[in-house]
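FYI, it's all coordinate maths here, none of it is from the lab. What you are looking at is a predicted structure, and each value in this text was computed from that prediction instead of being measured. FYI the Cβ positions are ideal-geometry reconstructions off the backbone, even for glycines, and counts take in every protein chain you see.
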Amino acid sequence: MKNFRLIIILFITVICSPWYCRDAAAITQQKSDVNTPAKSEAVKSEPNSDANNGGELLSAAEVEGPNTPNGYIGGDAFNLGFAGILKGYVNQQGLVNYSKLRRFRLELNDAIGKFANLKPEVYITWSRNEKIAFWINAYNICTLKGIIDNYPVKPSRFMLLFYPANSVMHISGLRDGTYFMIMGIQYTLDEIERDVLLGRFEESRVCFAVSYGTMGSAPLKAEPYIGKVLEKQLDEQMRNYFSRPEALRIDETNNVVYISPIFKMYKWHEDAFFKQYGTNKLFREHQPVDRAILNFVKDFISEPNANFLKRHQYSIEYIKYNWQLNEQLTE
């Protein structure tokens, strides 16, 4: 009987001990957290981050957990999931090794599956910049998928009258007739750019962040866009693009400014730039759409070129678009 009482006393002592109560509470909390999105802890970034050196991404992204019905993934963690495929097949000039990517297309198919399987209830928790980065990455990855599914490009005899033999224009319906599943909804490339990026988010810079699979479009970055450094990535992309002669040339002798034809590629491009940059405070001698384009361009070019645009009289001409495929030349 005495031994029995000792056992009872020891049991009560264990139950009431602080460490037992603490561990029991932790176990209960873990069970209750199974269906609750995990809260992330932002990792502090150094001032001289990789994002400012050679266009590399910040290493500090919000990595939270798998995107499952019972879990959650942050926008930056999701977008960083495409770093491997972009760094593996895109060089620093923005050219794609389509031959190699075609051999390892399972990686591309896996990336496309991530867009299809993302849960809308996860997406809506992301910040605005994370969402914009997501849609830019979706456009670029889906473009790669559309090209790889038709690579090597088989030219049409009729289209050869207008486009190079390796042009994406020989891929029928690439931008407006091919459907990509994103969060359970089918989108065309045009719908992603026009209706989502320009229509919903009203972010004109995306016209030079998405890749059309051509030499004339802005170079494809060898890294995904992420929310944490989206502003830096986009501004860097604009400056790099408009430093190229196929994007901006100034003929001071004949007073002619040659500008990228991307601004005029679609009516919705013109509408987007006019809506966001259509002020009459500068460039009033030019037509409204041209004025909006100049207001945009001046912020991403060298100071001498910007001063020329603001202080001289000149005509505007749009450069002929280069429809060649943005592929790496391989032996």
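Below is a table of values for the structure above.
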quantity	calculated
Inverse of mean 1/r across different Cα pairs in the stretch 248-318, Kirkwood, Å	12.2 Å
Viscosity 0.890 mPa s, 25 °C: Kirkwood-radius Stokes-Einstein D of the stretch 51-242 over Cα pairs, µm²/s	144 µm²/s
Extension gain (nm, one decimal) between Glu285 and Lys310, 0.36 nm per residue minus Cα-Cα	7.9 nm
Part-to-part distance (alpha-carbon centres) for the stretch 109-130 and the stretch 189-210, which is given in Å	17 Å
Under Karplus coefficients 6.51, -1.76 and 1.60, residue-wise ³J(HN,Hα) of the stretch 177-193 in Hz, glycine/proline x	x, 10, 9, 10, 7, 10, 6, x, 10, 7, 10, 8, 4, 4, 5, 4, 6
Average projection area in nm² (convex hull over Cα atoms of the stretch 74-164, one quarter of hull surface)	7.3 nm²
Amide H contacts of Glu327 (H built 1.01 Å from N, under 5 Å, at least 5 apart or other chain)	Val96
Gain on full stretching of the segment that runs from Ser99 to Lys154 - 0.36 nm per residue minus C-alpha separation	18.4 nm
Inter-label distance for Thr125 and Ser172, nm, one decimal - labels placed 7 Å from Cα along Cα-to-Cβ	4.4 nm
Separation in nanometres of the label points that stand 7 Å from Cα toward Cβ, at Asn322 and Arg239	2.2 nm
Percent antiparallel among DSSP beta bridges (both partners in the stretch 248-318, rounded to 5)	50 percent
